[in-house]
Amino acid sequence: MFVSHDKMDDGFLEQFPIGAINHMGLPERTLPKEMIQVLPSDHYAQLEVAHHISCYAFANKVKAMEAENQQLKQALTQKTSQVKTLESRLTSTQLDLQESQEKARTSEEQVYRLSNEKAALINTVRKLNRDVAKLDNFKRNLLNSLQADEEVRMIDEAETTLSSIDNASDRLVQSVLKHAHQSGNYASGEFL
């Protein structure tokens, strides 16, 4: 199919240097002169060379694309492996996070329980300190009472002792007097 010069747009014309399009609308001398000189003169042979060049270019392009495809597959495999590794690490990290959160919750519960126990122990210690203070007062009062009772008992004993000493001294005096009186009577010859 031939393209007429009238139907070609400016984009098509820009591909070829000025004056490179013949009167049939086909490009002229689009190849360097050196290449044109090595082409066979027969048009069918030229088409066959063009076909071989196209096949060679196509095969090279296919090889390049297959190599790129292989590289992309390897990169995909590596990325997939990295994704699996990261997913595994993420799962492990999530499990560690859940475990840490569980430990933190347990620790908070334990801290709350221990603070309640501490408050209860503080109240118990305060109550026991009040009881100890009451017992100290009771002990002090009891000791004072016992000391007072001991002093009263000692005073009573002392009074009893003094009373018995007084009685004994009275008896001794009476006995001495009686003895003296008897000895005076004996000396004077009087007998009682």
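The values are calculated or read from the model by the stated rules, or taken from the named source; none is laboratory data. Note that this is a predicted model, so its numbers are computed, not measured. No Cβ is skipped: glycine too gets one built from the backbone with ideal geometry, and neighbour counts run over all protein chains shown. Accessible surface areas use protein heavy atoms only, side chains included; no ligands, DNA or RNA. Shrake-Rupley method; radii C 1.70, N 1.55, O 1.52, S 1.80 Å.
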request  = Rank these by accessible area, largest first, 1.4 Å probe: R105, R171.
outcome  = R171, R105
query = Lys/Arg Cβ at +1, Asp/Glu Cβ at -1, dipole of region 65-192 taken about the Cα centre: which of L76, L97, N141 is farthest positive-ward?
reply = L76
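Could you look at region 35-169 and say what percent of its accessible area is carbon and sulfur, using a 1.4 Å probe and all protein chains?
Result for region 35-169: 60 percent of the exposed heavy-atom area is carbon or sulfur.
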